[in-house]
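As structure tokens, the structure follows; a few thoughts come after it.
What follows is calculated from the coordinates using simple rules that are stated; it is not laboratory data. Since this is a predicted model, take the numbers as computed values, not measurements. Quick reminder, even Gly has a Cβ in these numbers, built from the backbone with ideal geometry, and neighbours come from all protein chains shown.
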Amino acid sequence: MGNFRKVILAYSGGVDTSACIPYLKNEYGVDEVIAFAADLGQGEELEPIREKALLAGASKCLVDNLIEPFIRDFAFPAIRANALYEGRYPLSTALARPLIASRLVDIASQHNAEAVAHGCTGKGNDQVRFDLAIASLSPELKILTPARKWSMSREELIIYGEKFGIPAPVSKKSPYSIDLNLLGRSVEAGPLEDPFSSPPEEVFQITSSVEKSPEKPEEIEICFENGNPISINGIKLDPVSLIRKANSLAGSHGFGRIDMIENRVVGIKSREIYETPGLLLLIKCHQELESLTLSSDVLKTKMNLERQWSDLVYQGFWFSPLKNALDAFIDQTQSDVNGTVKVKLYKGNANIIGRKSESNSLYISDISTYSEEDKFDHKSAEGFIYIWGLANRIWASVKSKK
Ligand code: ARG
């Protein structure tokens, strides 16, 4: 009997998480490692991943298709929140972590495991997200984190793995660290570590370069109901198909690439390349529809809270009281967000060219127009401005007397 009878490991099939299996058994004294791999629409075959886990010494490898809950319960709330970390990153990687963590916790309880484990390093955000999510869902559950303990380079990890029957990666070694799911790809490391070096084209997989994108612009319409995208070009789509469609439309026109320096939770600045065509497009359209349908004060308050929502999700607080409270505010606003946004995709851009809402538009032509249909009472403006500026005029006259 070792120190731990049974541990559930979040498993991706990569070099690090594979090495975790023998490491947990040998260095942590775990008797049985059950690997858990989540299908989040990354487009990888999961059968080879299962085999790899078994080869590495896992007693079994559970595979779950989580694409639907991922999009419905994580991506769509992010669209409703217009979530962009530091104004740019739509959290494609960050959103997956609380879902994986919640499955880990469920599986641990079903299998009566004493601990869960992940292969995140001590430098990244993902360890924070896993640890905090797991702790929020199951405060007593132990979390084992081999990659925070070992000090092995990638090469050393491969050699270590080989000792335990894990075959070295066959494909030629990519210099990049990549995370992917249906929402997009996050790429870092290798030549990208120099913030001034431009990303080589090979970094991009799901968006076209501007050069290779179609010479003809494409106009599309996206319809929203209660803040959720429901159809593209009049065709109703379930959430997963809708994201796929948005990815292919935006991606083919070269929209959705982000090159940024971002501030990690642990205090490190890192250079990241993202490809998140569909998610970015949907957020952009959703923002536009809100500008038409939400009142000015709600809109401005929501904008402030959106920043906070994005920070919370980035920083690992998906399951937290403040996030719950912000969700309640956001959800309350979304019953008014119904309508259609028209957008032109062309050469790396997605330009909004129209918006409408039959039931919720607060744009009233009689009031907004400059034509003779104008119903706005111009005379009232005088009294309004007199009072609006009163405090300022008092201040100015006192100052001028001094
Ligand atoms: N920086 C992003 C985030 O914290 C992505 C990290 C994903 N990992 C990677 N290997 N690129 O959400």
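In the stretch 88-106, is there at least one residue being within 14 Å of the ligand (Cβ to nearest atom), surrounded by fewer than 20 Cβ atoms within 10 Å (Cβ to Cβ) and of a type in the set (Lys, Arg)? Within the stretch 88-106, one or more residues are within 14 Å of the ligand (Cβ to nearest atom), surrounded by fewer than 20 Cβ atoms within 10 Å (Cβ to Cβ) and of a type in the set (Lys, Arg).
On the stretch given as the stretch 265-289, residues that are more than 17 Å from residue 89 (Cα to Cα), buried (at least 17 other Cβ atoms within 10 Å of the Cβ) and touching a Gly at 6+ places or on another chain (Cβ under 8 Å) total 1. Considering only residues in the stretch 182-203 that are assigned to a helix (DSSP H, G or I) and farther than 27 Å from residue 240 by Cβ, the one that is farthest from the ligand (Cβ to nearest atom) turns out to be 201. Out of the residues in the stretch 233-273 that are in a strand (DSSP E or B) and away from the ligand (no atom under 16 Å from the Cβ), state the one that is nearest to residue 77 (Cα to Cα). Among those residues, the one meeting the criterion is 236.
When residue 159 is tested against (1) away from the ligand (no atom under 16 Å from the Cβ); (2) in contact (Cβ under 8 Å) with a residue 12 or more places away in the chain, just one condition goes unmet, and that condition is (2).
Does residue 99 count as touching a strand residue (DSSP E or B) at 6+ places or on another chain (Cβ under 9 Å) and outside any strand (DSSP E or B)? Explain how you work it out, then say what you get.
On the way: touching a strand residue (DSSP E or B) at 6+ places or on another chain (Cβ under 9 Å): yes; outside any strand (DSSP E or B): yes.
When the stated conditions are applied, residue 99 passes them.
In the stretch 357-372, what count of residues is obtained for those that are surrounded by 10 or more Cβ atoms within 10 Å (Cβ to Cβ) and more than 15 Å from residue 291 (Cα to Cα)? Here the count works out to 4.
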